[in-house]
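What follows is a set of notes on a single structure, which appears directly below.
We did not get these values from a lab; they are worked out from the coordinates using the rules stated. Keep in mind the model is a prediction, meaning the values are calculated, not measured. Every residue, glycine among them, receives a Cβ derived from its backbone with ideal geometry; neighbour counts consider all protein chains shown.
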Amino acid sequence: MSLIFIGDIHQNWHHVAAGLAALPTPPSAAVLLGDIECTLPLDQLAAPLLDRGVEVYWIHGNHEHDAGREMWENLAAPERNPLTSAGALHTRVAEIAGVRVSGLGGTFLPHVWSGNAPPRLHRREQLAADLPVTRPDLNPRQAAAFAHFLATTAIWPEDVDALSEQRTEVLVTHEAPSSHPAGVIVLDDLARAMGARLIVHGHHHITSHAEASDGLRVLAVGAAWAIDLHGTVVWRGGKRERPLPRAGDGWVVRSVAA
């Protein structure tokens, strides 16, 4: 159990602290799957992990901007997070506990890309010309805030393109691939392009294991739950909020734990 994945914490760090306290030996590294909601710098919030010598890696979810830019900076600003900023996995590949792991944070947002249709925008630099046309109701301050929200929270084609040129063993995402009925096949295609055999995601607050006919596996991780590379539950977090999803086309989905 050298590497674990922790689902959407949503400020509920007590689940992480309790889960770690029950382990005879802590893992060497943990990957946070987004929706952390940093009311304080991540370095402070992640103390239950860092104090036990656990390396912290992370991607962002769709709720990291809920309290505005300050919440985002608490997660992503290196000057606030000298211990965890190097663990940002979005759009890069890192070797973690001997495994090549890559990350894609955020979710599909229709203003940029719904995921199931061609993108409206491909690069963040296009926002400057797009927003005055599509959102003329916004004043300059509002437009800047909305641009920052889209730039940080949406899944962008330019990021998918950059990842697709790299190689990985495990792709971690916040959004779900097509194994979930609300997921997006773009993520299946990205994993296969990168040579990944496993996708691990959060977002849907369910813990499950899916497998495609070609052997591609998907592990979904519940809110503040932790699992290992094999899908074994390391600790239970928040109460399961949603039922096990039906399998997407070409997938077999089974529950990991109730």
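Observations, loosely collected:
- Pairwise centroid distance, computed over Cα atoms, of segment 46-66 with segment 137-209, Å: 18 Å
- Relative contact order of the chain, taken over Cα pairs closer than 8 Å and 6 or more residues apart, is 20 percent.
- Here the residues 13, 113, ranked from fewest to most Cβ neighbours within 10 Å of their Cβ, fall in the order 13, 113.
- Take 98-109, 60-71 and order them by the average number of nearby Cβ atoms within 10 Å per residue, most first; the result is 98-109, 60-71.
- Each label was represented as a point 7 Å from its Cα along the Cα-to-Cβ direction; for residue 166 and residue 135 these points are 2.8 nm apart.
- Around residue 218: net Lys/Arg minus Asp/Glu count, Cβ-Cβ under 13 Å: 0
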